[in-house]
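A.B. asks: Mind looking over this structure? Questions follow.
Bear in mind these aren't lab numbers, they're just calculated from the coordinates by the rules spelled out. Given the structure is predicted, the values throughout are model-derived calculations rather than measurements. Positions of Cβ are backbone-derived with ideal geometry, glycine not excepted, and every protein chain shown enters the neighbour counts.
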Amino acid sequence: MKELGTLAIIIGILTSAVRLATPYLYAAIGEAFGQTSGVVNLGVDGIMLVSGYAAFFVALNTGNLWLALLVAIVVGLAMGGLMSFISVTLKAEQGISGIGLYMFGLGLSSLLFKVTIGTVKTIKGFPSLKIPLLGDIPGLGPIFFQQSLLVYGAFLLVPLAWFVLDKTTLGLKIKAVGQNPAAADSLGVSVNGIRYLSVCLGGALAGLAGASLSISLLNLFQENMTAGMGFIAVALVYFGGWKPVGIMLGALLFSTVNAFQLWMQVLGVPIPSDVAVMLPYLLTIAALAFTMNRARQPSALNLPFERGTN
């Protein structure tokens, strides 16, 4: 246990934590846009799986990582559109629709993987990119400024999402639709249009999350690779109170505990591996239990909109 307290190990844990937070940030911030407009998408994990597969397949066969990233975003956008159609246009129950989308993504990604790849292969994904000067800062440099482009993008997304939601007309419309869709509709705001836009944006970012796993963090694809990450991302939206900064803190908290348990296994700390793997999820449950009552969710969350009834 003494090894865990050394400076080198602490820097290693924190470096891993920043890297591991990447898919959670993309997926959770995307989900925050959808939920702020009033739509819960429990299919995030399925979107991540199909997009992660698509990105890996393109990268494996073309070697073009940017094309792979674009394909993942398009796939995520398409699946976000499917969720929008089911929950917004057809007004189906959002929770059940989301679970259905997750099962569809899980099955489709597994099928495509078996048919087109068949076995676990690796690729050369996005490399670490050291930022000049900042990357040389002792301690902080390796943690924050020697990561891949997708890691930097995930953290830059936090202030961008905050600006869009809090400082733009679009953000005001998204919040209005999520809080009082009838009032927003009376002012000429297209409730369905805003919800479509928000959920599709969330789908595109979930696609980025899946790609960050398969062509940046792990550089491989395997069946059920996400292992429930999408559901954790949904939980992080509640944990962060629908605020990008809160979501980022939650993602870092979860990824730090996750990195800690991985390092414990690497260093051979005498603790059952199953117990170590459980730690991040137990933390998530505990954190949600203490934050749910304090968070104020959008009033129209999970409620379909029909003129004259909301």
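A.B. asks: Among Gly178, Gly210, Gly107, which one shows the biggest mean-square fluctuation in a GNM of the chain, springs joining Cα atoms closer than 10 Å?
C.D. replies: Gly107
A.B. asks: Within the chain, which DSSP H helices have Cα atoms that stretch 30 Å or more along the helix axis and a mean Kyte-Doolittle hydropathy of at least 0.0? Intermediate values should be presented prior to the final figure.
C.D. replies: Values: long enough: 7-36 (41 Å, 1.19); 94-116 (32 Å, 1.13); 191-212 (31 Å, 1.13); 244-266 (32 Å, 1.30).
Once both thresholds are applied, what remains is 7-36, 94-116, 191-212, 244-266.
A.B. asks: Can I get the semi-axes of region 64-189's equivalent ellipsoid? Compute them from the C-alpha gyration tensor as square roots of 5 times the eigenvalues, in angstrom, largest first.
C.D. replies: 34, 28, 11
A.B. asks: Let me ask something else about it. Treating only the Cβ atoms of Lys and Arg (+1) and Asp and Glu (-1) as charged, compute the dipole magnitude of the chain about its Cα centre; round to the nearest 20 debye.
C.D. replies: 320 debye
A.B. asks: Turning to a different aspect of this structure: Straight-line reach only, C-alpha to C-alpha below 17 angstrom: list the lysines that Lys243 could link to, leaving out same-chain residues fewer than 8 apart.
C.D. replies: Lys167, Lys173, Lys175
A.B. asks: May I ask for log10 I(q)/I(0) of region 121-213 at q = 0.14, 0.20 Å⁻¹, from a Debye sum over the Cα atoms as equal point scatterers with solvent left out?
C.D. replies: Relative scattering, expressed as log10 I(q)/I(0), comes to -0.69, -0.98.
A.B. asks: Taking the Kirkwood radius as the inverse of the mean 1/r across Cα pairs, report the Rg/Rh of the chain.
C.D. replies: 0.99
A.B. asks: Let me know the charge dipole size of region 10-134 about its Cα centre in debye, to the nearest 20, where only the beta-carbon of Lys, Arg (+1) and Asp, Glu (-1) is charged.
C.D. replies: Numbers: 6 positive and 3 negative charges, 84 e Å.
Approximately 400 debye in magnitude.
A.B. asks: Can you give the calculated 222 nm mean residue ellipticity of the chain, where each DSSP H run of n ≥ 4 adds -39,500 (n - 2.57) and the sum is split over every residue, rounded to the nearest 500 deg cm²/dmol?
C.D. replies: Taking each H run of at least 4 residues, the total per residue is -22500 deg cm²/dmol.
A.B. asks: Counting pairs of Cα atoms in region 150-203, how many percent are more than 19 Å apart?
C.D. replies: Summing the P(r) tail past 19 Å for region 150-203 gives 33 percent.
A.B. asks: Given a 10 angstrom Cα cut-off, can you work out which residue in Ala259, Ala289, Ala32 is the most mobile in a GNM of the chain?
C.D. replies: Ala289
A.B. asks: Something else now. Give me the three principal axis extents of region 5-74 from the C-alpha atoms, as integers in angstrom, largest value leading.
C.D. replies: 43, 39, 16
A.B. asks: Just report the Cα centroid separation between region 91-113 and region 187-253, whole Å.
C.D. replies: That distance is 15 Å.
A.B. asks: GNM, the chain, Cα, under 10 Å: largest mean-square fluctuation among Asp136, Asp274, Asp166?
C.D. replies: The residue that fluctuates most here is Asp274.
A.B. asks: Something else now. How high is the relative contact order of the chain, in percent, with contacts defined as C-alpha pairs under 8 Å that are six or more residues apart?
C.D. replies: Across the chain, relative contact order equals 36 percent.
A.B. asks: Placing unit charges on C-beta atoms (Lys and Arg positive, Asp and Glu negative, everything else neutral), compute the dipole magnitude of region 70-187 about its Cα centre in debye, rounded to 20.
C.D. replies: 260 debye
A.B. asks: In whole angstrom, and with the biggest value first, how far do the Cα coordinates of region 1-155 range along each principal axis?
C.D. replies: Cα extents, longest axis first: 55, 37, 34 Å.
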